[in-house]
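Before any comments, here is the structure.
Bear in mind these aren't lab numbers, they're just calculated from the coordinates by the rules spelled out. No experiment lies behind these values; they were computed from the predicted model shown. Every residue, glycine among them, receives a Cβ derived from its backbone with ideal geometry; neighbour counts consider all protein chains shown.
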Amino acid sequence: MHILKRTKILAGVGPATNSKEKIEQMLVAGVNGYRMNFSHGTYEERELQLQWIREASVAHGRPVAVVQDLQGPKVRLGVLNDNHQEVAAGDILTLDSAAEHDGLTLPMQYNLAEKVKVGERIYLFDGKIRTTVTEIVSPTAVTVRAENNGVLMSRKGVNLPDTDFGGDIITAKDIKDIEYAADKDYDYVALSFIQSAEDINALRQMLVSLGSSAHVIAKIETRAAIQEGVLEEIVRVSDGVMVARGDLAPEVGLEMVPVIQRKIVALCRKHGKLSIVATQMMSSMVDNPEPTRAEVSDVATAVIQGADAVMLSDETANGNYPIETIEAMRNTILYTQEHSSVEKLDDEFTNTKMPVRHAISHAAVEVAKEVGATAIIAETKSGATAANIGAWRPDLPIISVTSSPRAAQQLALNFANRSFIREDDDEAGYKLAEELHQSDFFQANSPFTVVIVSGRQTGKIGATDTIKVRTIES
């Protein structure tokens, strides 16, 4: 059998991979999707990178996904003199969006005075220095008391675990970036620091008004987003969810992240939504050619939990070994999927009445298992059929056939999926199976069986209602 990764790889593009050659090497090494971090870089750089990605995709006959990752209300320090400021426990720091660095007066790239309250926690340098707000001293400045010793550097991240942004998370920069990318070939838009389902709905309405067909990924990295009832509603209204562990950890506490990750992946499986586990999965490989045992275990755990995709960020955007990191992640995924099963969902995620589309998909996976099928083939217009089949985490490849290039690219990140673009046809799935058999894609002896999931109304979105078992012969 032709071995396909069931858990996919999403990788960041940056200075370390900013060339046509590196982009193609990433795809060959095992990347299924590329992340464009709009916190950095220029539009000119993004346009060239997007061109290289699509050229590599065509050259290798593999649709790939491209994700526009918005910065959101990411709070950062401004520029510090000599890129350095020492802080001692008990120091009173002034955080001012209208000031320059002067001793314990620190410039900010965001006006905290408009959002924070006295007594709330503010973590500087991604949690390395913990502080508490003591006073709102001006329309642009607050004072905080440091709780520990440490050193600050320019433009490092700031986390506000207690602060309510009041739905104001799509910034002016985000709007400009959304408008820029709306008519470009982006498959997903990832929204940072969401706090409720309303944030997702607001972005979706904006994309629709701009004529964009991009899907929306919710990045879970705030305390508000993980509250009971809120998290599942976010999953339900999103197209995908990213466990953004880098900012989530200082916001909620390191000890909570593994449990939250497991719950998010399970909720995505329940609702048939894309799940991505992100941040520091192989961070030691920024500087080293081999991952640590802990990092390999981290990737394997995500595979066993049933994540659709795992993500590399600094490792491929800024690291010294971007291609080696992708290969190490691919090898970990392949070994894990061949020697361990995806864990079953708890009853709380399965003891609910299923929509018809989920029931059809579940039945197709069970039929494929019973008849010893070589693959499940999904005839799909929007990609939803293939995604719903993948939600049941079959041990077989899911071959999706669609007339929509956008759907094919979006599905590149979905569990066990391999997409092919073909014209709408009543027998599109069967014809593709024959075509792939003739090219020895399946590496299976004749005859063999495939299960085809389709709708009687060809090309109509949401009309999946038919399961066919077909025999493929030479």
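The angle between the Cα long axis of helix 20-29 and the longest principal axis of the Cα atoms of the chain comes to about 60 degrees, rounded to the nearest 10. Seen against the Cα atoms of the chain and their longest principal axis, helix 293-305 is set at about 50 degrees. Taking only the C-alpha atoms of segment 181-297, Rg followed by Dmax gives 15.3, 47 Å. Measuring r between the beta carbons of VAL118 and ALA172 and using R0 = 22 Å, the FRET efficiency lands at 0.20. Taking the DSSP bridge list for segment 353-472 and keeping only pairs wholly inside it, about 40 percent are antiparallel. The label-point distance for ARG422 and GLU343, in a model that sets each label 7 Å from Cα toward Cβ, rounds to 3.8 nm.
DSSP beta bridges fully contained in the chain are about 40 percent antiparallel. Fewest neighbouring Cβ atoms within 10 Å first, the residues TYR110, TYR186 line up as TYR110, TYR186. For the pairs LYS270/LYS431; LYS117/LYS273; LYS273/LYS381; LYS5/LYS128, note any where the Cα-Cα span goes beyond 28 Å. With Cα atoms farther than 28 Å apart: LYS270/LYS431; LYS117/LYS273; LYS5/LYS128. Taking θ as phi - 60° and the Karplus parameters 6.51, -1.76 and 1.60, the scalar couplings of segment 425-436 work out to 7, 4, 10, 4, x, 5, 4, 5, 4, 5, 4, 5 Hz in sequence order, x denoting glycine and proline. For the chain, the spread of Cα coordinates along the three principal axes comes to 77, 46, 42 Å, biggest extent given first.
Relative to the longest principal Cα axis of the chain, at what angle does helix 257-271 sit, 0 to 90 degrees, rounded to 10? Approximately 40 degrees, to the nearest ten.
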